[in-house]
Amino acid sequence: MSADDLRKEAASIAHAAKRLIERERARGGGELLAAGVAKARESARASARAKGIVLPPAPSAPQREPVAQPTTLEVAAPVVAPAAPVAPAAPPAAPPAGGMPDFVANSPAFKPPAPQPEPKVAPDFVLPPFTEDLNPSALGGSRDAIVAASLPVLADVAAQANACEKCGLCRTHTKAVPGVGSARSGIVFVGEAPGADEDLRGEPFVGRAGELLTKMIEGMHQRALIPGVKLDRDEVYIVNVLKCRPPDNRNPLPHEIEACSPYVLRQLEALQPRVICCLGKFAAELLLGMKGTISSMRGKTYRWKGAKLVVTYHPAYCLRSPSAKRPVWDDLQRLAQEYLTD
Ligand code: URA
């Protein structure tokens, strides 16, 4: 084998090993694997040296990012078996301007909800390989093409949702609620299902929980969590797992989620978000393909296709338990940090 072939082979092994370590690290086994690969690499270099061939310096092994950066990347598998648990990530950095935004300012100290039985995880679940690059941010204006391409798809999904009779909720709803906003910022908030106000207006998050979500988005803007990217309801996209209101605001039923989820998945594919914020359990479970409580799923960063994904409490929960607003603010800071880093 020529020195050139040897170099190419070494580069290809290094690349494959790096991807493997990244995936293993997300599942908690990265350190062991990295040590094994480093050992193998050193022995390959020694054998090349013995043949008088000098290999280029080895690429530095993927490191855990600095503690201030939320790091854990989890490959999310939409609508499949539960994902493996991931290591807790470091808390996000403090907001640039200091202090809390209005929506959290007077919240009492947060007490995590009482622990609940751990959900069952399918033993044979295998994380799919993470292959997609992170979608572009709005910094630099590189999302114009995504915005343009998303419009006909979003219009088509809205037309289909408005005419949909698949799960039967159309028999009790007033209006379907397809979604609102734009792909421009690259940020999508995914909620649960329309409530009474949304059902009347055909727009998501316009009731009390919606007012709080709007304040959360404005809080992110006021604190310049993503400097240079405008954050308001028109610039982000806001959408729900279900397009129609369940009677009496009951939880979505499995067959309703199954019938309706293709709409939100198609919207997400068209929006190509850089970051997704799951508001509550139903959005998180759908996009992560796992069962869990919000307290077990939040505080980590996952992947959904080309987007990073974080989970937080639903604004309606914050209205019932105002102390949850602080962890929500932490989660929004994590979202912003992930937006700003590749
Ligand atoms: N709750 C949701 O999950 N979605 C809405 O649109 C309103 C309240």
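The values are calculated or read from the model by the stated rules, or taken from the named source; none is laboratory data. Owing to the predicted nature of the structure, the values given are computational and were not obtained by experimental measurement. Reconstructed Cβ throughout: ideal geometry from the backbone, glycine too, with neighbour counts over all protein chains shown. Surface accessibility is based on the protein's heavy atoms, side chains included, excluding ligands, DNA and RNA. Shrake-Rupley method; radii C 1.70, N 1.55, O 1.52, S 1.80 Å.
Quick notes on this one:
- Qualifying residue in region 160-174 (condition: of a type in the set (Asp, Glu) and at pLDDT 65 or above): yes
- Failed criterion for His255 (all others in (1) outside any helix (DSSP H, G or I); (2) more than 20 Å from the chain's Cα centre (by Cα) hold): (1)
- Residue match in region 233-248 (condition: open to solvent by 10 Å² or more (accessible area, probe 1.4 Å), part of a helix (DSSP H, G or I) and more than 16 Å from the ligand (Cβ to nearest atom)): no
- Scanning region 222-242 for residues that are within 20 Å of Glu203 (Cβ to Cβ) and in contact with an Asp or Glu (Cβ under 8 Å, 6 or more places away or on another chain) turns up Leu231, Asp232, Asn240, Val241, Leu242.
- Scanning region 273-293 for residues that are open to solvent by 10 Å² or more (accessible area, probe 1.4 Å), closer than 18 Å to Lys215 by Cβ, within 16 Å of the ligand (Cβ to nearest atom) and not in a helix (DSSP H, G or I) turns up nothing.
- Close Cβ contacts (under 7 Å, 6 or more residues apart or on different chains) running from residues in region 135-164 that are under 13 Å from Leu268 (Cα atoms) to residues that are outside any loop (DSSP other than H, G, I, E, B) and open to solvent by 60 Å² or more (accessible area, probe 1.4 Å) comprise Val153/Arg266; Val157/Arg266.
- Number of positions in region 309-341 that are closer than 16 Å to Ser185 by Cα and acidic (Asp, Glu): 1
- Scanning region 195-219 for residues that are outside any helix (DSSP H, G or I) and in contact with a helix residue (DSSP H, G or I) (Cβ under 6 Å, 6 or more places away or on another chain) returns Gly195, Pro204, Phe205, Val206, Gly207.
- Among the residues of region 206-226, just one is within 16 Å of the ligand (Cβ to nearest atom), charged (D, E, K, R) and surrounded by 17 or more Cβ atoms within 10 Å (Cβ to Cβ), namely Lys215.
- For region 249-272, a residue qualifies if it is buried (at least 20 other Cβ atoms within 10 Å of the Cβ) and over 25 Å from Gly186 (Cβ atoms), and the qualifying residues are Pro252, Glu256, Ile257.
Every residue, every condition in (1) farther than 27 Å from Asp330 by Cα; (2) more than 12 Å from the ligand (Cβ to nearest atom), yes or no:
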{"residue": "Gly140", "(1), (2)": "no, yes"}
{"residue": "Arg143", "(1), (2)": "no, yes"}
{"residue": "Pro152", "(1), (2)": "yes, yes"}
{"residue": "Ala155", "(1), (2)": "yes, yes"}
{"residue": "Cys164", "(1), (2)": "yes, yes"}
{"residue": "Ile187", "(1), (2)": "no, yes"}
{"residue": "Pro204", "(1), (2)": "no, no"}
{"residue": "Gly228", "(1), (2)": "no, yes"}
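- Within region 182-237, being of a type in the set (Lys, Arg) and over 26 Å from Leu340 (Cα atoms) holds for Arg201, Arg208.
- All positions within region 304-322 that are of a type outside the set (A, V, I, L, M) and open to solvent by 20 Å² or more (accessible area, probe 1.4 Å): Lys305, His314, Tyr317, Arg320, Ser321, Pro322
- Members of region 144-194 that are part of a strand (DSSP E or B) and open to solvent by 10 Å² or more (accessible area, probe 1.4 Å): Val180, Gly181
- Within region 294-321, the set of residues being hydroxyl-bearing (Ser, Thr, Tyr) and away from the ligand (no atom under 16 Å from the Cβ) comprises Ser295, Ser296, Thr301, Tyr302.
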